[in-house]
Amino acid sequence: MTALLPVFLLLFGCMWGSHLREASAIILVDDNELYCLGGLQVIYPELTVDRCMVVPDDDKKLREKLTTKWKAPIIRYPAAVEGEKYLLMMVDPDAPSHISSTMAHWRHWLVTDVEGSSLKNGDLRGLTITEYAPPTPPRHSGFHRYQFLLFKQSQDVPALGSQTSRGQWDVASFILDHALGSPVASVQFLTQNYQD
């Protein structure tokens, strides 16, 4: 259980910071910065998330594209090992809001059996368990953390079966049930509803 402490801290820790015109690095406190390392790159058409950052609250057009226009991002992990399998998840621990996270974790994306060689090149090849759903923070719910967690996969991960709802996903149990351990890389960005 102690080995999973970083995972729990990553999933439940609060990472807030100041805003700049461009997506800016969050001012991290304590050892939160340890959870935003590993070289994972999440690449949208006009936004590259390669460190924990805030999508600027004064750029409504960028936030609107993130929510309504852009499809799944390119995922690139240059340190991926060829021949290894990986699992990628994207979650929102702040659903429906950071203050009242009764629907957390909201599962935005889940891909298993991702080939290491495809991760190196930014061509995500694997088995999609949950189709990508873009960040859609409700109006007036404040900032939400969108977390991308990459794990080495040592065993097959079956379909979710009866757990088809994206909300209230028990990430910690999923990690334990499938012996995923700690993420090999992770990154997150914060954004809010583009109309706020």
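Read-outs: derived from the displayed coordinates by stated rules, not from any lab. For clarity, every value in this text was computed on a predicted model and none was experimentally measured. Glycine gets a Cβ as well: all are built from the backbone with ideal geometry, and neighbour counts include every protein chain shown.
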Inset, instruction - State the extension gain, in nm to one decimal, for the chain segment bounded by LYS120 and THR136, taking 0.36 nm per residue of separation less the distance between their alpha-carbons. - result: 2.9 nm
Inset, instruction - Give me the distance in nm between label points sitting 7 Å out from Cα along the Cα-to-Cβ direction at LYS60 and ASP177, one decimal. - result: 4.2
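Neighbour counts of other C-beta atoms within 10 Å: give me SER101, SER154 arranged from fewest to most.
SER154, SER101
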Inset, instruction - Provide ILE99, ILE43, ILE129, ILE175 in ascending order of the number of other Cβ atoms located within 10 Å of each residue's Cβ, fewest first. - result: ILE99, ILE43, ILE129, ILE175
Inset, instruction - Please work out how much length the chain gains when fully extended from ILE99 to GLN195, using 0.36 nm per residue of separation minus the C-alpha to C-alpha distance, in nm with one decimal. - result: 32.6 nm
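Full extension from GLN168 to VAL81: what is 0.36 nm times the residue separation minus their Cα-Cα distance, to one decimal in nm? Could you put the intermediate results ahead of the total?
Numbers: separation 87, 0.36 × 87 = 31.32 nm, distance 3.22 nm.
Once the chain is fully extended between GLN168 and VAL81, it gains 28.1 nm.
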Legend entry - Anchor LYS85: lysines whose Cα lies under 20 Å away (excluding residues fewer than 8 positions away in-chain): LYS120, LYS152
Inset, instruction - Would you mind giving the three semi-axes, in whole Å and largest first, of the ellipsoid equivalent to the stretch 32-108 according to its Cα gyration tensor? - result: 23, 18, 13
Legend entry - ARG139, ARG107 arranged by Cβ crowding within 10 Å, fewest neighbours leading: ARG139, ARG107
Inset, instruction - Give the span of the stretch 79-196's Cα atoms along each principal axis, as three whole-Å numbers ordered largest to smallest. - result: 45, 31, 22
